[in-house]
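Down below is the structure, laid out as structure tokens.
The values are calculated or read from the model by the stated rules, or taken from the named source; none is laboratory data. None of the values given here were measured: they were computed from a predicted structure. So basically every Cβ, Gly included, is an ideal-geometry build from the backbone, and we count neighbours across all protein chains shown.
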């Protein structure tokens, strides 16, 4: 196939030997299956900012730290240089998260580096070497659903312990290989301590994944893992080995109007994204 323009420099530098085929095209990137020596990997080519359909980017970027003060000031001012740096930060956020989460015990694709907007990483496959399916393409029994849900919830908790919230978790952002779920698509990952929307995004992530598994094991729909783990996190009592129960005593305090409006808007955005994913599937 014709080599995508942004992958060509990686071929010239010897990082990739051959582009085998396109794998998928999503709202923020296109993914290709590539050969690197004797290994088959995937190359995620991020779309330019104006071509991405990912919504509410500023809410996800809130709280992300930039070590270089000049870059930080430029990003705040929104200058051309600042926009370029913001774009670079968006692209490198995923590879940073992949390294962090792998260390935290979360199953994610192994990254090999991000080069000028192209993330080179492990291709998740099954035992026969075929590309692992997304969760939404996997049929399962109630028992399998309960086991898969427990694993993903554990990963979400481990992510939170590492200070991160996925921010866009759903059945479309989880692959399933012979060893179980693998979390993917992390460019919008949120800083749990520094982002004012982190709690709402965590609850939305947990509700989305629980809603999917709940189709096969309906009792999961009565659980409250998101609220439970956030309460533990806020009180400094959430650890990687914490055993969650899914039980949480709901408060009768007055509703947070801003939070309700955020959830309404987020639900609308998620539905738009879900429809787009279905069209792309």
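Quick notes
- Selection of the range 132-153 for residues being touching a residue at least 40 places away in the same chain (Cβ under 8 Å), under 12 Å from residue 176 (Cβ atoms) and assigned to a loop (DSSP other than H, G, I, E, B) yields 132, 133, 140.
- Selection status of residue 92, under 16 Å from the mean Cα position of the chain (by Cα) and surrounded by fewer than 18 Cβ atoms within 10 Å (Cβ to Cβ): yes
- Residue that is touching a helix residue (DSSP H, G or I) at 6+ places or on another chain (Cβ under 7 Å), in a strand (DSSP E or B) and crowded, with 20+ Cβ neighbours inside 10 Å, where the choices are 156, 176: 176
- Given (1) in contact with a helix residue (DSSP H, G or I) (Cβ under 6 Å, 6 or more places away or on another chain); (2) under 27 Å from residue 124 (Cα atoms); (3) modelled with pLDDT of 95 or more; (4) surrounded by 22 or more Cβ atoms within 10 Å (Cβ to Cβ), number of the condition residue 240 does not satisfy: (4)
- Hits in the range 1-17 - residues which are assigned to a loop (DSSP other than H, G, I, E, B) and closer than 17 Å to residue 38 by Cβ: 14, 15, 16, 17
- Matching residues in the range 179-196 - criterion: being within 8 Å of the chain's Cα centre (by Cα) and in a loop (DSSP other than H, G, I, E, B): 184, 185, 186, 187, 188, 189
- Candidates are the residues of the range 1-49 that are without any contact (Cβ under 8 Å) to a residue 60 or more places away in the chain and surrounded by 19 or more Cβ atoms within 10 Å (Cβ to Cβ); the one that is farthest from residue 189 (Cα to Cα) is 19.
- The residues on offer are 129, 105, 211, and the sole one that is part of a loop (DSSP other than H, G, I, E, B) and modelled with pLDDT of 95 or more is 105.
- Selection within the range 108-122 - touching a residue at least 40 places away in the same chain (Cβ under 8 Å), in a strand (DSSP E or B) and under 15 Å from the mean Cα position of the chain (by Cα): 119, 121
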